[in-house]
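To start, the structure under review is shown below, and the notes come after it.
Just so you know, all these numbers are worked out from the coordinates, no wet-lab data involved. These figures come from a predicted structure and were not determined experimentally. Here the Cβ positions follow ideal geometry from the backbone for every residue, glycine too, while neighbour counts run over all protein chains shown.
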């Protein structure tokens, strides 16, 4: 038994069903077409619903701000948001392009231009899983990544690549420590990071 999602089992059975659907002939083609229709519907619905996310978040936060009593925390919370945003921007605009350039010796700007719809969608909804269909489409159509490779690697990368989450959690721990008037020493800072 594994707590949480059994990724290895998911990969195994996805491979088995993929092999069956690939070699199943006419009946498997009908199932593939059904899945393609479901994917199209899901993608269309997700794109439509994403346009309402900023308004929903605004009203959710507004209700809590109206009930809020301790106004001294607002500047601290603003700094927290600024540090998280700056860290994510630095990671996305400097660190990841440098890693790409180091391993490929190619301009990362060309990749960013070709996959910008997926990056923009990921920025709007902050979810790699919600962006996965668009990321697959951009990689296959714009970058020319072979379909079996993109269909295998992108879901795995989406599952295990959580740099933004790790950055946010480290900053959140420091923010909560400061709210409780606790100042971590250098050794504790290293452990947190």
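Distance from the Cα centre of the stretch 98-113 to that of the stretch 32-85, in angstrom?
When both Cα centres are located, 30 Å separates them.
Say each of residue 76 and residue 124 gets a label point 7 Å from the Cα, pointing the same way as Cα to Cβ; how far apart are those two points in nm?
The modelled label-to-label distance comes out at 3.5 nm.
With label points built 7 Å along Cα→Cβ from the Cα atoms of residue 59 and residue 12, find their separation and express it in nm.
Here the answer is 4.6 nm between the modelled labels.
Compute the length gained on full extension between residue 185 and residue 34: take 0.36 nm times their separation in residues and subtract their Cα-Cα distance, giving the result in nm to one decimal.
Full-extension gain reported as 48.6 nm.
State, as an integer percentage, the relative contact order of the stretch 117-193 based on alpha-carbon contacts under 8 Å between residues 6 or more apart.
The normalised contact order for the stretch 117-193 reaches 20 percent.
If I model a spin label at residue 27 and residue 143 as a point 7 Å from the Cα along the Cα→Cβ vector, what separation in nanometres do I get?
Label at residue 27, label at residue 143, 3.7 nm between them.
For the ranges 89-98, 25-34, what's the packing order if you count other beta-carbon atoms within 10 Å of each residue, average per peptide, and put the highest first?
For the peptides 89-98, 25-34, the packing ranking is 89-98, 25-34.
Can you tell me the Rg and Dmax of the chain, counting just the alpha carbons, in angstroms?
Cα-based Rg and Dmax for the chain come out at 21.2, 67 Å.
Please determine, in degrees from 0 to 90 and to the nearest 10, the orientation of helix 25-50 with respect to the longest principal axis defined by the Cα atoms of the chain, where the helix direction is its Cα long axis.
30
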